[in-house]
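What follows is a short report on a single structure.
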């Protein structure tokens, strides 16, 4: 599978630091976006650790045949999915350990959304409310479901999807890396097709730019991925830029 990509990240108009981080390694087939949290810039530490450790885990998996996997791994999921889960859980353990060792890092954590293009399948995994969207033709689908309190309320019919980003409980995530010593990773296989586009993003983008506008702006840039990422971030900033903003856009092409 041949892929092209572009990525952009921005501090936004309110925050002093950019606690988002992203990973784009087409040689390994791994892409990810992380949105850190915690005081004293520790969110920056957590998000950077997450993407760096995930990349290292994928490198190790590509060179070692007998990769040690956690006890939680099951025979039901595929080998690429196990590799991705292992990398994310390893990152969780290291971030949690770092948060216990230094007072300034106490309570730090990060969301993570990742897509892994292995030779045999395409795997999506996430923890938290950073998202992955699939754009196919004139349609856009939110592939991941937010691990957040307001998303649980949405699924229960207590709040409309359009009201999620404005809820006072918006920032309460129900899962994140580094908060506890173990983490439940949601994983799924994606049937990517030629011509598909995938967007991984932090909530600084998805809160301020609606799904249909994301689709319209990506399709309107004539496959200029860099321009599309910049345009999406510009739109989020025009609407207040209340959080850090990261967009990672991938396009699947014919081999």
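The values are calculated or read from the model by the stated rules, or taken from the named source; none is laboratory data. If you're wondering where the values come from, they're calculated on a predicted model, not measured in any experiment. Please note: Cβ atoms are built from the backbone with ideal geometry, for glycine as well, and neighbour counts cover all protein chains shown.
State yes or no: is residue 145 in contact with a helix residue (DSSP H, G or I) (Cβ under 9 Å, 6 or more places away or on another chain) and assigned to a strand (DSSP E or B)?
Considered against the rule, which asks whether it is in contact with a helix residue (DSSP H, G or I) (Cβ under 9 Å, 6 or more places away or on another chain) and assigned to a strand (DSSP E or B), residue 145 comes out as no.
Would you mind stating whether residue 167 is in contact with a helix residue (DSSP H, G or I) (Cβ under 7 Å, 6 or more places away or on another chain) and at pLDDT below 95?
Yes; evaluated as a whole, the condition is true for this residue.
Within segment 179-249, considering only helices (runs of 4 or more DSSP H) that don't extend past its boundaries, which have at least 3 residues that are buried (at least 21 other Cβ atoms within 10 Å of the Cβ)?
The helices (runs of 4 or more DSSP H) meeting that bar are 203-206, 225-238.
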